[in-house]
Amino acid sequence: MNHSSRMILCRQVDHSPRYDPKQLCPIPRALGRAAGIGNTLSFSHGQDIWNIYELSWLARSGKPVVAMAEVRVPWSSPNLIESKSLKLYCNSFNMTPLDSATAVQEIMTRDLSMAAGADVQVLLASPESFSRVVMSEPDGICIDDQDITGFTYETEPELLEAASETVNETLFTRLFRSRCPVTGQPDWATVCIRYAGPRILHDGLLRYLVSYREHQGFHEACVEKIHADIRRRCGVDKLEVSARFTRRGGLDINPVRSTHPAPWTNLRDPRQ
């Protein structure tokens, strides 16, 4: 295999110098769910929000154009899109002459919807609007400063416990790390838990989230497992789990899974 090719999962893919939708590699969500949460889903709403920072093509004059893109994939799509394949797909635009940003947005919407098997939303941002990107600290209670021990580094839902009183609160941690199931490389994220119901014990929740440190799973599957484990172990009534993963390969992935609908604002984490 020469330097211009890569392995995406179990198939070899050559870098394409021109627009090539065949670079996209859809992966059935059922595969990750079968290994993690089974057929019964603990959520009925959510999205995977992608931010693409490295998007470029050629104007008809030959002059390069740059943009950023926000992509929203519904949780109910039969497929997720493997991140390396999305990067290769975006790179295939680099030497492709196209009429406008609108044309690029329409092409990406069509191709990503076809790969996901559902309607995907794509929104391009021109350089003039880059400064409008909003960066925000998480709201809620940070659980990272607890002086506790007893950590394990293999996922252990039994660490989750709830008290008898009921609360409505938002908790978050910056200490989450999992590993890519394709490359084994670390994936870092800020994880946010919004819930109403029996009070989740903070020490057990932190130990549980840290227990993903050696877990190999796609971002989306990790968030779905966290949601399922909290609902099953703590019996909360309403639950939203979101994770903002740091960027790799010029893009970041931000899944959210919830028992209820909400408008999910794309506020960037400071590490993104």
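A compact table of results
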read-out: Average silhouette area of the range 122-224, convex hull of alpha-carbon atoms, in square nanometres; value: 9.0
read-out: Set of lysines near residue 63 by C-alpha distance (under 28 Å), chain-local residues within fewer than 8 positions excluded; value: 22, 84, 87
read-out: Those GluC sites (Glu not before Pro) in the range 43-83 that DSSP places in a loop and that have at most 12 other beta carbons within 10 Å; value: none
read-out: Neighbourhood net charge (14 Å Cβ-Cβ; Lys/Arg +1, Asp/Glu -1) for residue 122; value: -3
read-out: Around residue 202: net Lys/Arg minus Asp/Glu count, Cβ-Cβ under 13 Å; value: -4
read-out: q = 0.14 Å⁻¹: log10 I(q)/I(0) that the Debye formula gives for the chain, counting C-alpha atoms only; value: -0.99
read-out: Neighbour cut-off at most 15 other Cβ (10 Å), DSSP loop, GluC sites (Glu not before Pro), the range 183-245; value: 214
read-out: Evaluated at q = 0.11, 0.18 Å⁻¹: base-10 log I(q)/I(0), Debye formula over Cα of the range 26-148; value: -0.51, -1.02
read-out: Formal net charge of residues neighbouring residue 247 (Cβ-Cβ distance under 12 Å; K, R +1; D, E -1); value: +1
read-out: Protection-proxy order for peptides 186-193, 167-174, each taking the mean of Cβ atoms within 10 Å per residue, highest first; value: 186-193, 167-174
read-out: Footprinting exposure proxy for 149, 96 (fewest neighbouring C-beta atoms within 10 Å first); value: 149, 96
read-out: Set of lysines with alpha-carbon distance to residue 225 below 22 Å, sequence-local pairs under 8 removed; value: 238
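Readers should treat all values here as calculations from the given coordinates under stated rules, not as data from a laboratory. Owing to the predicted nature of the structure, the values given are computational and were not obtained by experimental measurement. Here the Cβ is made from the backbone with ideal geometry for all residues, glycine too, and neighbour counts use every protein chain on show.
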